[in-house]
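Enquirer: Before we start, here is the structure in question, set down as structure tokens.
The values are calculated or read from the model by the stated rules, or taken from the named source; none is laboratory data. No experiment lies behind these values; they were computed from the predicted model shown. Cβ placement follows ideal geometry from the backbone for every residue including glycine, while neighbour counts extend to all protein chains displayed.
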Amino acid sequence: MTGAYNLAGALVKHPEDPATAFAEYTESMQDVVQRAQKLPLGGPPYGLPHLINPETWWGIWMMRVIVAAMYWSGITKLLILLVRPKPASAVPVREYGFRQLPEWRE
């Protein structure tokens, strides 16, 4: 959503020059993209896609047993607290002067 907002803002700011708008958009999203590209394959924290995408019936059964055990033990709540993605508010959003609808002004 932040990327779409920044792209819309850059296009509004430079309506006659899309090349400049795209360059500004690319610059504004560069930090976010670089952080995302550093994530390991399969996602954080371990990057083991074969564990979360099994290809055999045995692997699927084992994954389901492990997920059920984690759910029923309550360990998932602890894991969520320890390995939490950054909140959306951690991504800087520029102000482009878009007008706000009356129902959202509260």
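Enquirer: With a cut-off of at least 2 residues that are at pLDDT below 80 and farther than 30 Å from residue 94 by Cα, name the helices (runs of 4 or more DSSP H) lying wholly within the range 1-74.
Expert: The helices (runs of 4 or more DSSP H) meeting that bar are 49-52.
Enquirer: Return the residues of the range 1-17 that are exposed (fewer than 12 other Cβ atoms within 10 Å of the Cβ) and free of Cβ contacts under 8 Å to residues at least 40 places away in the same chain; say none if nothing qualifies.
Expert: Answer for the range 1-17, where residues must be exposed (fewer than 12 other Cβ atoms within 10 Å of the Cβ) and free of Cβ contacts under 8 Å to residues at least 40 places away in the same chain: 4, 15, 16.
Enquirer: Residue pairs, Cβ under 7 Å, 6 or more apart or interchain, first in the range 66-77 and free of Cβ contacts under 8 Å to residues at least 40 places away in the same chain, second outside any helix (DSSP H, G or I). List them.
Expert: none
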